[in-house]
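So the structure is just underneath, and the comments pick up after that.
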Amino acid sequence: MVTKGILRALISLGALTTLLLVFYSYSSSPIRRPHAEGSGTGTGFVRPKAGGSLKGNDPLLNPEKGPSGKLWGPGEGDRASATLLSLVRNNELEGMVSAMRDLERTFNHKFNYPWTFFNDEEFSQEFKEKTQAETKAECRYEIIPKDHWEIPSWINNDLMAESVKLLEEKKVQYSGLKSYHQMCRWNSGKFYDHPALKDIRWYWRVEPKVHFFCDVDYDVFRYMEDNNKTYGFVINIYDSPESIETLWPHTLEFLAENPSYLHSNSAIKWLTDSRNRPEHHKKAGYSTCHFWSNFEIADMNFWRSKKYRDYFDHLDRAGGFFYERWGDAPVHSIALGLFEDKNKIHWFRDIGYQHIPYFNCPSSPKCSGCKAGQFTDGVGIDQEDCRANWFHFAHMD
């Protein structure tokens, strides 16, 4: 049995060992950690004070014209190899129907991309009938293979149980829910290998209870494909540093072993910034900025690449999906920020969206049901908005 005292010592020793390995490897590698201050990218964006928000300086307050370039409307050109994708349980049916209704109304009734639903157990007949009734598109209902969902054999159950107690002491949300850890791991490194997706390249992730507010009259997948984009997001926020305290040290260890994986036009400054929310940087070792992955429109070829697979395997063996609460949002975001060209990451500023408690709401006659520039309907959480960092260190497109 691993006691709490032993666990704390193991965590401290492990973190120290990792940091020492990183220090010696990283300092001798060709990778150089950039200065967090950075000079920006010529967007003209005025960087807010540390911990500040974009109120009064939010690009969403400007009239929204949609993305530039060729846009394919309904019935124009060939469709992309794509699906609308959701990991959902039978008891989330009501929230899933609500989300489907919104996305069908604003986008998919024009393009009829298939829906692919994933579950670690069989979908009920009621779930299948009620979801299919919301769309004219094909609905596919898939079971996650056990070896993709179950806790890996190298995870120590005693260590995991004691780790959960420490996370709960730090008030890390969902830390005691085993299925949440499993979900984060699956969304990070397993979903794109499901046999049902083997011939599909693009996906739009949709979660129960989310809302969509704006008519989208162009094929978002063709836009991504034609403009050589890899990943699309709407919300960019800070993470809970208590949930990912060793994620960045393990990432630096991986980078030291694989320096060629760092892209020459990466968004590493966005990740390493310490000026905004310095307390996050102090606890986690990096900014904790991430793309909120309950919405993502992305190219699975990136997740299927050798560099991402190697990175995920490195993290998976480290055990942080279960000993801490590493989520798919920080894992995806760090990988994109380090290994991909930042110009291939697109902000879908024209897609109105809400996942409680955050919004992306543009100023457009195509939108209804949310206030332009609204970031949250919560209280005291405006400082969680990390778009300012992205605009400063990357771009606003």
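A short reminder: the numbers here are calculations on the coordinates, not readings from a lab. As the structure is a prediction and not an experimental result, all values here were calculated from the model. So basically every Cβ, Gly included, is an ideal-geometry build from the backbone, and we count neighbours across all protein chains shown.
With +1 assigned to the C-beta of every Lys and Arg and -1 to the C-beta of every Asp and Glu, and no other charges, what is the dipole magnitude of the chain about the Cα centre in debye, to the nearest 20?
The calculated dipole for the chain is roughly 880 debye.
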*Shape box of the range 64-184 [Cα atoms, principal axes, largest first, Å]*: 56, 39, 26
_What translational diffusion coefficient, to the nearest whole µm²/s, does the range 245-391 have by Stokes-Einstein, given a Kirkwood radius computed over alpha-carbon pairs, a temperature of 10 °C and 1.306 mPa s viscosity?_
95
*Computed E for Tyr174/Asp78 - FRET, C-beta separation, R0 45 angstrom, nearest 0.05*: 0.65
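Output the antiparallel fraction of DSSP beta bridges having both residues in the chain, as a percent to the nearest 5.
50
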*Where in the range 66-100 are there GluC sites (Glu not before Pro) that are in a DSSP coil and have at most 15 other Cβ atoms within 10 angstrom of their Cβ?*
Glu76
*List, in order, the whole-Hz ³J(HN,Hα) value for each residue of the range 319-328 obtained from phi through the Karplus relation with A = 6.51, B = -1.76, C = 1.60 and θ = phi - 60°; use x for Gly and Pro.*
x, x, 5, 10, 7, 10, 9, 5, x, 5
*If you line up the Cα atoms of the range 243-323 on their principal axes, what length do they span on each, largest first, in Å?*
34, 28, 27
*Given C-alpha coordinates of the chain, what is the ratio Rg to Rh with the Kirkwood estimate of Rh?*
0.95
*Show the residues, 5+ positions off or on another chain, whose built amide H is closer than 5 Å to the amide H of Phe359.*
Thr376
*Of the options Leu103, Phe213, Trp326, report the single residue whose Cα projects farthest towards the positive end of the charge dipole of the chain (beta-carbon charges: Lys, Arg +1; Asp, Glu -1).*
Trp326
_Rg/Rh for the range 139-210 to two decimals, with Rh computed the Kirkwood way over all alpha-carbon pairs._
1.04
*So what's the Cα pair-distance distribution over the range 135-257, bin width 5 Å, in %?*
2, 7, 11, 17, 18, 17, 14, 8, 5, 2, 0
*asked:* If you average the alpha carbon positions of the range 155-205 and of the range 218-294, how far apart do those two centres end up, in angstrom?
replied: 18
*Can you pull the Rg over Rh of the range 279-336, Cα-only, Kirkwood?*
0.98
_Mean separation of Cα contacts under 8 Å, 6 or more apart, over the residue count of the chain: relative contact order %_ = 27
*Give the share of C-alpha pairs in each 5 angstrom bin for the range 307-397, from 0 to the last occupied bin, in whole percents, shortest bins first.*
3, 11, 16, 19, 17, 16, 11, 5, 2, 0
*Please go through the residue pairs Lys307/Lys342; Lys178/Lys209; Lys110/Lys366; Lys344/Lys371; Lys190/Lys342 and name each one whose alpha carbons sit more than 18 Å apart in this structure.*
Lys178/Lys209; Lys344/Lys371; Lys190/Lys342
_Alpha-carbon Rg with Dmax, taken over the range 176-333, Å_ = 16.1, 46
